[in-house]
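Accompanying notes for the structure given below.
The values are calculated or read from the model by the stated rules, or taken from the named source; none is laboratory data. Predicted model, so just to flag it, every value in this text is computed and none were measured. Every residue, glycine among them, receives a Cβ derived from its backbone with ideal geometry; neighbour counts consider all protein chains shown.
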């Protein structure tokens with residue numbers, strides 16, 4: 001699949017590529033029209049757009065429906081955030097992966113935490129078994145899917161976030177991951193250590209103190225995500241405009 005090969009190669013470029021995180025078909029079209037090389041779902045943005053809290057509260061069928069439509073409309077590679085896999089069994093995760101692959105998705109994100117009232121950080125060996133089964137399924141069935149694995153030590157604010165991430169990155173590489181995603185990491189020395197701990201491409205996410213793209217490239221980062229931040233900013237602007245229209249009693253703010 002040409003789109004899969006393109007997506008895979010983006011992770012090996014001399015500079016990191018910027019992934020446009022979408023929440024509907026229109027946002028996917030906006031990113032493609034503005035020369036983004038690839039797009040991926042932000043689970044939080046998509047969930048919030050449908051009126052759900054993040055954390056696998058959005059029904060999987062809605063996620064799949066959007067994936068099918070985006071794959072029909074967009075011509076650039078498209079990846080889907082599966083959060084914890086939308087199942088607590090390996091078989092359930094594999095069934096959903098097959099559906100996304102059949103829809104035309106070329107990448108998936110899986111994370112080593114389970115959503116809930118309190119996000120649960122799975123023991124490394126437990127998640128490693130899940131990952132190995134997923135990677136084996138993808139390989140045996142020749143599925144064209146880039147397996148990006150998110151590890152959440154920094155997202156959870158653990159005092160041992162760096163050491164935990166380094167250990168897990170190495171284990172996940174051995175288990176069959178294609179990439180390592182470390183959301184909420186911002187310190188350049190931490191980023192450098194993670195990059196040096198694995199031969200896999202490292203993915204970071206938009207944060208207030210994240211280094212600029214050029215510096216991230218110098219540190220060895222290969223993929224940069226924007227997460228829900230553009231979605232949040234867009235709707236902040238919508239809210240401001242809605243308030244201004246109501247206050248002005250005219251549509252002048254729309255054309256200012």
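Where helices (runs of 4 or more DSSP H) fall wholly inside segment 30-126, the ranges with 2 or more residues that are at pLDDT 95 or above and within 18 Å of residue 223 (Cβ to Cβ) are 43-49. Just one of the numbered conditions (1) surrounded by fewer than 19 Cβ atoms within 10 Å (Cβ to Cβ); (2) out of contact with any strand residue (DSSP E or B) (no Cβ under 8 Å at 6 or more places or on another chain); (3) without any contact (Cβ under 8 Å) to a residue 40 or more places away in the chain is not true of residue 165: (1).
Being crowded, with 19+ Cβ neighbours inside 10 Å and farther than 23 Å from residue 182 by Cα is not true of residue 83. Does segment 115-124 contain any residue that is within 28 Å of residue 65 (Cβ to Cβ), surrounded by 22 or more Cβ atoms within 10 Å (Cβ to Cβ) and under 18 Å from the mean Cα position of the chain (by Cα)? There is no residue in segment 115-124 that is within 28 Å of residue 65 (Cβ to Cβ), surrounded by 22 or more Cβ atoms within 10 Å (Cβ to Cβ) and under 18 Å from the mean Cα position of the chain (by Cα).
Taken as a whole, the condition of being touching a strand residue (DSSP E or B) at 6+ places or on another chain (Cβ under 9 Å) and surrounded by 17 or more Cβ atoms within 10 Å (Cβ to Cβ) does not apply to residue 154. When residues in segment 214-231 are screened for being in contact (Cβ under 8 Å) with a residue 60 or more places away in the chain and at positive phi, 1 of them pass.
Scanning segment 10-17 turns up at least one residue that is in contact with a strand residue (DSSP E or B) (Cβ under 9 Å, 6 or more places away or on another chain), farther than 20 Å from residue 231 by Cβ and part of a helix (DSSP H, G or I). If only residues of segment 1-19 that are surrounded by 14 or more Cβ atoms within 10 Å (Cβ to Cβ) and within 25 Å of residue 191 (Cβ to Cβ) are counted, the one that is nearest to the chain's Cα centre (by Cα) is 19. Annotation: residue 221 fulfils all but one of (1) assigned to a loop (DSSP other than H, G, I, E, B); (2) more than 28 Å from residue 168 (Cβ to Cβ); the unmet one is (2). Check whether at least one residue in segment 135-151 is without any contact (Cβ under 8 Å) to a residue 40 or more places away in the chain, under 24 Å from residue 10 (Cβ atoms), part of a loop (DSSP other than H, G, I, E, B) and touching a helix residue (DSSP H, G or I) at 6+ places or on another chain (Cβ under 7 Å), and report yes or no. Looking for residues that are without any contact (Cβ under 8 Å) to a residue 40 or more places away in the chain, under 24 Å from residue 10 (Cβ atoms), part of a loop (DSSP other than H, G, I, E, B) and touching a helix residue (DSSP H, G or I) at 6+ places or on another chain (Cβ under 7 Å), one finds none in segment 135-151, hence no. Here residue 20 passes the criteria (1) in a loop (DSSP other than H, G, I, E, B); (2) under 26 Å from residue 218 (Cα atoms); (3) touching a residue at least 24 places away in the same chain (Cβ under 8 Å) except the one numbered (1). Residue under question is residue 64, and the condition is that it be crowded, with 22+ Cβ neighbours inside 10 Å and touching a residue at least 12 places away in the same chain (Cβ under 8 Å); does it hold? For residue 64, the condition - crowded, with 22+ Cβ neighbours inside 10 Å and touching a residue at least 12 places away in the same chain (Cβ under 8 Å) - is not met.
As a summary of the residue check, residue 165 satisfies the conditions (1) at pLDDT 95 or above; (2) under 16 Å from the mean Cα position of the chain (by Cα) except for the one numbered (2).
For segment 168-192, a residue qualifies if it is touching a strand residue (DSSP E or B) at 6+ places or on another chain (Cβ under 8 Å), in a helix (DSSP H, G or I) and farther than 14 Å from residue 123 by Cα, and the qualifying residues are 173, 191.
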